[in-house]
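Q: Starting off with a structure, shown below.
Read the figures in this text as sums done on the coordinates, not as results from a lab. No experiment lies behind these values; they were computed from the predicted model shown. Positions of Cβ are generated from backbone atoms using ideal geometry, with glycine treated the same way; all protein chains shown enter the neighbour counts.
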Amino acid sequence: MKKILGIIAIVLISNLYATAQTTHREKDRADVCKENYRALFGGEALTDQGTDPELMDILQKFIFGEVFQTGNLTIKQREMITCITLATMQTLPQLKAHADAALNIGVTPEELREVMYLTAPFIGFPKTLNAVGTLNEVFTERGISLPLEKLCIATDSNRHEIGMTIQNRLYPEGIASVMDGMPGNMGKDVELFLTDYFFGEIYSRGALDLKTRELLGYCVLTTIEAESQLQSHYYGNINAGNSPETLTAAVIQCLPYIGFPAAIKALRIIKQEYGKHASNVNNLVRLSKITVDTEQLEAYNAYLKEEIEASMSCESGVLTLYAVAEKNNPNKVTILEIYADKDAYEKHLKTPHFKKYKQGTLPMVKNLELIDVKPLIPGLKIK
């Protein structure tokens, strides 16, 4: 099982986006590791010291020499992602070390505090208080005066309006309600909490822009494996101005701390949603109108069934092959064909199962008309 999981991870990550590919092939990972570690912690990496030097060698080279070179993130973004991931996991000793490192590379105390505050709607106040307490220890040790400057923008009188503005920007088509039909109609209260507290009071605060907050929120959802929210927040991130490549790099930045299984879940959702947009643009869609010799209809249908089943199970580029026959003229067959793109269609024509169908049914087909069509609602899926 572990071997299979590793293979899946390698295949998935290597095929996501070209712009999110690592550059560690171009630079020596040990040298990069030492540079990043020195900037973050002020010390030396790969010292071969301590009780477990081999494990630390693997850890440091992987995180600071490879992951830190993956994608288009700045070092400040990487440390904020690391801190919010560790806060979400409640690994407080590591959070303390990375909070100190974040300050070393230019993250301000106010920014770092907002990273911690942002976790509250996702993981609850008790865990957020634990993380804030750890952060305050770092501030105190560095002589940073507490409390920090207040950065709350919303008030009791305007938090709903502010929340709606942010919510509508991130989700202009609305947020599908999952609270309808709750006993006592209390689902409406939960929806209001989402708007007023989550977006109105937390997302509107200063120090971090909306783009950064939504990206960090995606990292929290990745860590807690909230799959349905990852799907909706993918589009929230796109609307906030984050690219699919940036989202991919952010999840990979979480990977050393949360492990492959949780990271792969998020990466698959990014790939899925990104693929929907890409495929809608390039889909090749056509109708095949076929008139079959009535005497050979049964044999033709057998060939067609075999070909469609093989194509749908073996070819990822064949999205739909949906065959129907007229009720009053069962020898008149229409097939809705949807391919990922022209290349997928051309590959389909070269497959053994299509060639078998084509050659076997050639004497059975009396007429064939291929009609290229344009979807009126692009992206609409056949359930």
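Q: Take every Cα pair under 8 Å in segment 2-279 that's 6+ residues apart, average their separations, divide by the length, and report that relative contact order as a whole percent. The partial results should precede the final answer.
A: Values: 347 pairs, mean separation 60.0, N = 278.
It comes to 22 percent, rounded to a whole number.
Q: Can you tell me which of L46, L118, L362 moves the most in a GNM of the chain? Springs connect C-alpha atoms under 10 Å apart.
A: L362
Q: Given the options R268, R113, R169, state which has the largest fluctuation in a GNM of the chain using a 10 Å cut-off (strictly under) for Cα springs.
A: R169
Q: Still on this structure: Given H placed 1.01 Å from N in the peptide plane, which residues other than close sequence neighbours of T108 have an amide H under 5 Å from its amide H?
A: Amide H to amide H, under 5 Å and 5 or more residues apart or across chains, T108 pairs with nothing.
Q: Looking at the square roots a ≥ b ≥ c of the eigenvalues of the Cα gyration tensor of segment 314-383, which shape do they give, rounded for a/c under 1.5, prolate if a/b is larger than b/c, or oblate?
A: The shape class here is oblate.
Q: Segment 288-331: which GluC sites (Glu not before Pro) are DSSP loop and have at most 13 other beta-carbon atoms within 10 angstrom? Don't skip to the end; give the middle numbers.
A: Numbers: sites: E295, E298, E306, E307, E309, E315, E326; in loops: E315, E326.
When the GluC sites (Glu not before Pro) of segment 288-331 are filtered for loop state and at most 13 Cβ neighbours within 10 Å, E326 remain.
Q: Once you keep just the Cα pairs under 8 angstrom separated by 6 or more residues, what percentage relative contact order results for segment 284-372?
A: On the way: 137 pairs, mean separation 43.4, N = 89.
So the answer I get is 49 percent.
Q: Mind checking which of P109, P244, P363 has the largest fluctuation in a GNM of the chain, springs on alpha carbons under 10 Å?
A: Maximum fluctuation in the GNM of the chain, among the listed residues, is at P363.
Q: If I take all pairs of Cα atoms in the chain, what percentage of them are more than 41 Å from each other?
A: Summing the P(r) tail past 41 Å for the chain gives 33 percent.
Q: Trypsin sites (Lys or Arg not before Pro) within segment 303-338: which are DSSP loop residues with at most 15 other Cβ atoms inside 10 Å?
A: Filter output for segment 303-338: K327.
Q: Further, regarding this structure: Can you list the HN-Hα couplings for segment 221-234, worked out from phi with the Karplus curve (6.51, -1.76, 1.60; θ = phi - 60°), rounded to whole Hz and with x for Gly and Pro?
A: 4, 4, 5, 8, 6, 8, 4, 5, 6, 4, 5, 6, 6, 4
Q: Something else now. What is segment 216-374's relative contact order, in percent, from Cα pairs under 8 angstrom and six or more apart in sequence? Numbers along the way, then the final one.
A: Details: 200 pairs, mean separation 40.9, N = 159.
Relative contact order, segment 216-374: 26 percent.
Q: Using a cut-off of 16 Å between alpha-carbon atoms, which lysines can reach K350, once sequence neighbours fewer than 8 places away in the same chain are excluded?
A: By straight Cα distance, K350 reaches K342, K358.
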